[in-house]
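Worksheet: the structure to be examined is printed underneath.
The values are calculated or read from the model by the stated rules, or taken from the named source; none is laboratory data. As the structure is a computational prediction, the values presented were derived from the model and not from experiment. Note that each Cβ is placed from the backbone with ideal geometry, even for glycine, and that neighbours are counted across all protein chains shown.
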Amino acid sequence: MTSILVVDDEHSVAEFIKEVLTEEGYLVEMAHNGRGALSIVKKFSPDIVILDFMMPDMNGLQVLAELKAFDESIQVLMLTAYNSVPTAIEAIRQGAADYILKPFDLEAFKLAVAKLVEKIALKHQVRYLQETFAKRAIKSEFVLCPSPQMSKVYELASQVAQTNNTTVLILGESGVGKEHVAQFIHLQSARKSKPFVELNCAAIPDNLLESELFGHEPGAFTDARSKKIGLLEYADGGTLFLDEIADMPLTMQAKVLKVMETKSFRRIGGLKELKTDVRIVAATNRDLALAIEKGQFREDLYYRLQVLPIVIPPLRERPEDITHLASFFLNIFSQAMRKRLTLSDSALKALLSYKWRGNVRELKNVIERAVIIASSDAVIQPEHLGLPADVPALAASAKPLAPELPVVADTHNSSTPAIKFPDNFSLKAYLESIEREHILAALAQAHGNQLRAAKLLGIERHVLRYQMKRLGIEAKSNVQN
């Protein structure tokens, strides 16, 4: 709901404007002098200020300057008499959005306010597009996977898309395509013309997550110099995808639950309730029932999300999709790098025999690498793919399979160690195997608690998470936060 502050020293005029705008569906407050207006702005944080020029303590230009210094995004509509048109034009030059002459025509006044509301919405949309364009540049097409397993997923997703507000929980391994299904739901719904906004709860520090989601008012905390629109406002009318929701702090989980139930929220430091019409789609690769048991996830939020769970099978269980996605990514990256490449039969066989523990994300990275190193107009061969030798899935309690180690000869009579390296020895793989073994051992000793495991290893928690992702160590039921 758009909020408006009416500033006029004539009480009857201010009351009349408030009554008119309230009937139009706006949230309206009043002030009768400049100082009072500035005081209310800091608490009320209006979207629009309707400002009379002639007031006893400060004139309109002085108030305008203070408003813009406090929050440049506030739209100011000046009210001025016929003999003050040059002053109104000066106000436009100093940042006012528009002016209207007193006494004003009521319909013209309503239209002027409506235009400012539309301008605010357009600014929000433009900012959203600017921030998401780079992220979506490579997603110029939307590809559907042809396997029977994914056909069932799409069928269920299509059914939920026909409802307007039903919450969806998408489950599956890391990289399996949960965002893909969330986008499918959005594109099949009546919300498709509105934004699809993604928030990765694991990628944003806890102290910034609330501001990213809810936004904040000027002065809400250190460095909050201007108003920030949160993703709940950007996504209004559309879909908000909360990826890795199991990594969201418990305090934030409670606030998200309130938004789901009331369709309202407050910016950080704000006093007014803002309404949002947004469908929430959440996703996780973790066992939420186990997380609830460990006190890491709210049970009430779980049941609120569990209205319609959609489980995506891993890529290794749907070979049709491996072939289809490989061709899709090959086409996308080839066009981007201006190459004409095809997959050889042997490369396709290698792709189909690989286990894909990183799922679709890993396949995409493998194809991108192959396109980068292959010559133009070439045929992609297995050596271009760089697929590692496959090993069984690792559990926190299992000893990892390390590459064959170099043999150090007797150096008793020599100052230089004599090391005999086996064929195809890789120092990187050798060091990674040691790193993986220590991380898994620490996680096992910490009973899956990543914070304690990080302390055992002498590193920060975010460093541990990064290393786990890099080494392909999944945070499964026995490897939790």
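Things worth noting here:
- Yes/no for residue 352 being surrounded by 15 or more Cβ atoms within 10 Å (Cβ to Cβ) and either modelled with pLDDT of 90 or more or closer than 22 Å to residue 174 by Cβ (or both): no
- Qualifying residue in region 201-211 (condition: surrounded by fewer than 16 Cβ atoms within 10 Å (Cβ to Cβ) and in contact with a strand residue (DSSP E or B) (Cβ under 8 Å, 6 or more places away or on another chain)): no
- Number of residues in region 29-45 that are crowded, with 20+ Cβ neighbours inside 10 Å and basic (Lys, Arg) equals 0.
- None of 108, 88 is surrounded by fewer than 17 Cβ atoms within 10 Å (Cβ to Cβ), aliphatic (A, V, I, L, M), outside the structural domain of residue 270 (by TED's automatic domain parsing) and more than 29 Å from residue 215 (Cβ to Cβ) except 108.
- Taking region 223-333 as the region of interest, the helices (runs of 4 or more DSSP H) fully inside it that hold 3 or more residues being more than 16 Å from the chain's Cα centre (by Cα) are 250-262, 288-293, 299-305.
- Checked against the criterion of being touching a Ser or Thr at 6+ places or on another chain (Cβ under 6 Å) and under 30 Å from residue 263 (Cα atoms), region 48-68 has no qualifying residue.
- Criterion: touching a helix residue (DSSP H, G or I) at 6+ places or on another chain (Cβ under 6 Å), buried (at least 17 other Cβ atoms within 10 Å of the Cβ) and farther than 28 Å from residue 175 by Cβ - qualifying residue of 241, 265: 265
Yes or no, residue by residue, for (1) more than 30 Å from residue 253 (Cα to Cα); (2) assigned by TED's automatic domain parsing to the domain that holds residue 171; (3) touching a strand residue (DSSP E or B) at 6+ places or on another chain (Cβ under 6 Å):
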site: 288; (1), (2), (3): no, yes, no
site: 292; (1), (2), (3): no, yes, no
site: 323; (1), (2), (3): yes, no, no
site: 340; (1), (2), (3): yes, no, no
site: 343; (1), (2), (3): yes, no, yes
site: 346; (1), (2), (3): yes, no, no
